[in-house]
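The values are calculated or read from the model by the stated rules, or taken from the named source; none is laboratory data. This is a predicted model, so every value here is computed, not measured. Positions of Cβ are generated from backbone atoms using ideal geometry, with glycine treated the same way; all protein chains shown enter the neighbour counts.
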Amino acid sequence: MTFVDPATYLQLLGLVQNSIIAAAVLGIVGGLIGVFVMQRDMAFAVHGISELSFAGAAAALLLGINVVAGSIVGSLIAAALIGVLGAKARDRNSIIGVLMPFGLGLGILFLALYPGRSGNKFGLLTGQIISVDLPQLGLLIAISIVVLVSLLVVWRPLTFDSLDPEVASARGVPSRALSFVFMTLLGLTVAVSVQIIGALLVLALLVTPAAAALRVSSSPVLVPVLSMIFGFVSAVGGILLAIGGSLPISPYITTISFAIYLVCRLVGSRAKVAR
Amino acid sequence: MTPSEALPDPAPVLSIRGGALGFGDRALWSGLDLDVSQGEFIAVLGGNGTGKTSLLRAMLGEQKLDSGEVLVDGHPAHRGHRRMGYIPQQKIVAPGTPLRGRDLVMLGVNGQRFGPPITTRDDRAAVDALLTAVGAETFADRPLGSLSGGEQQRLRVAQALADDPKLLLCDEPLMSLDLQHQRAVSELIDRRRQQHGTAVVFVTHDINPVLSMVDRVLYLAQGRFTIGTPDEVLRDDVLSRLYGTPVEVFRSRGRVVVVGAPEAEHHHEVIA
Ligand SMILES: Nc1ncnc2c1ncn2[C@@H]1O[C@H](COP(=O)(O)OP(=O)(O)O)[C@@H](O)[C@H]1O
Ligand SMILES: [Mg+2]
């Protein structure tokens, strides 16, 4: 592994500035939505959605249309299927288990048929943010901001519905509508993540930060704040490290996010012993 | 002010007219008429699967009746009624759930509100008052999953009292509590009823912890029911007729034990 000299690094930094912004926004949104992914026990669903999102993106690549749009279509189809057919946890897991290999297989088929460069091909599976062009980056950032704002608007009822569904429903929280909104937001976030970190590694930004935060706190304020910070540090830290070397970005992001999780586990178990 | 000193409210808080409910070809109950007045304590007794939870869900507007109607404050029951408090049948709170005791109560205060998740000073004051009312201040900041059943149940009571309900629906709130906590939680609910005139519908397997508080009993069994004061219902002849099989009711030192009820064989708790 070789590192570039500081002057070149700064130059590179300027070039990838927009990618860094996209990663930062995604880190924050992923950390936030991850809190609900954990509360609603949807980690497996995230994985399932990302495979169909990958298939959608690959299809778009093959057809020569907007890859982000393809990714979103795939995501939303998966999110809708899981939301409609998998209201119960057990049904949900089997539906996801069936969808996942199908999506992945479709995606691989489309990539195999795609005549373009192979670098593009695997980018969708393992991350490619540096090669995303400027209009697309703008789109990713815009989607992330829409998700962020929507999440804040539904935050309290969604928390109520996720953690205390019987009472929430009795209190008039519209649980079906919220579940639909949540699956849509999750689908959008996954579609953005697939572009940045790759379909196979989406969980590193949508689950690991929240899981880490939950190890060290049970405060409904601190958990999302920490999760957001963890997501941000993983995503931005990953890019900053990657541009200095010759390795791809994704392993840096996944390693940072995993390291944060390990530290939180350690801190969490210490705190429990001390109590 | 006790309910008897308060101006009597002629309209019942809750009334069920000709209520009937069943699932598939199994009728849970039918022809159910019940008026619950302000400050009244109704115990709903019956074995597993007799439709006690379904009855509460009908009162909450979550379960449509096959026929008949449920009126709350004179209007058809609907979800999200502001003046109805609900303590659901207990479920284990998983350790690691990101909620502390006070957060559960906060959900009762503002959890249904959309918009930026900002907690106002009023919300905070309301939660503090509720925590004090149920004596939960000392453990309110601990994670919910680390609290005992009795502590969690106190917080559930606080949560259910959030909008100063006129009607409090409790689904087996004493389940899996030891005797001391059974007494503490039922006294908490009874005190609320006496001080605020809150009507209480209290589903329970065992009537003994609340026997001294109960005004009337709704006893469900075998797809039938009986309503009356504990003295009217908890009798050999009445329960034998209800169950369709000889049943004996023993009373000793203020406790009631029903022997011979068919469903007692399916679960070890003795009913009533
Ligand atoms: N939504 C439903 N669909 C089908 N059956 C139901 C439904 N809700 C309750 N039941 C059935 O109705 C019966 C009564 O349930 P429930 O009201 O929970 O009884 P209890 O609370 O007295 O134990 C049970 O046999 C249950 O399986
Ligand atoms: Mg029940």
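Points to keep in mind about this one:
- Residue check, B:Pro117 surrounded by fewer than 21 Cβ atoms within 10 Å (Cβ to Cβ), in a loop (DSSP other than H, G, I, E, B) and in contact with a Phe, Trp or Tyr (Cβ under 8 Å, 6 or more places away or on another chain): yes
- Meets criteria (within 16 Å of ligand 2 (Cβ to nearest atom) and at positive phi) for B:Gly49: yes
- Of the residues making up the range B:167-197, those that are among the hydroxyl-bearing types (Ser, Thr, Tyr) and either within 16 Å of ligand 1 (Cβ to nearest atom) or closer than 23 Å to B:Gly74 by Cα (or both) number 1.
- Test: residue in the range A:214-224 that is in contact (Cβ under 8 Å) with a residue 60 or more places away in the chain and of a type in the set (A, V, I, L, M, F, W, C): yes
- Test: A:Leu85 is aliphatic (A, V, I, L, M) and under 29 Å from A:Ala212 (Cβ atoms): no
- When B:Lys166, B:Lys91 are checked against the criterion of being under 16 Å from the mean Cα position of the chain (by Cα), among the basic types (Lys, Arg) and within 12 Å of chain A (Cβ to nearest Cβ), a single residue qualifies: B:Lys91.
- In the set A:Leu152, A:Leu186, A:Leu200, only one residue is within 19 Å of the chain's Cα centre (by Cα), within 16 Å of A:Gly30 (Cβ to Cβ) and surrounded by 22 or more Cβ atoms within 10 Å (Cβ to Cβ); that residue is A:Leu186.
- Of everything in the range B:52-82 that is assigned to a helix (DSSP H, G or I) and of a type in the set (Ser, Thr, Tyr), the residue that is nearest to ligand 2 (Cβ to nearest atom) is B:Thr53.
- The number of residues in the range A:213-247 that are among the hydroxyl-bearing types (Ser, Thr, Tyr) and touching a Lys or Arg at 6+ places or on another chain (Cβ under 8 Å) comes to 2.
- Helices (runs of 4 or more DSSP H) fully within the range A:143-232 that include at least 2 residues being within 30 Å of B:Ser54 (Cβ to Cβ): A:165-170, A:175-197.
- If the condition is being on the phi > 0 side of the Ramachandran plot and in contact with a helix residue (DSSP H, G or I) (Cβ under 6 Å, 6 or more places away or on another chain), then the range B:131-176 contributes only B:Ser176.
- Boolean, B:Gly49 is over 18 Å from A:Thr159 (Cα atoms) and in the same structural domain as B:Val203 (by TED's automatic domain parsing): yes
- Looking across the range B:118-154, the residues that are among the polar types (S, T, N, Q) and within 30 Å of A:Leu151 (Cα to Cα) come down to B:Thr119, B:Thr120, B:Ser146, B:Gln152.
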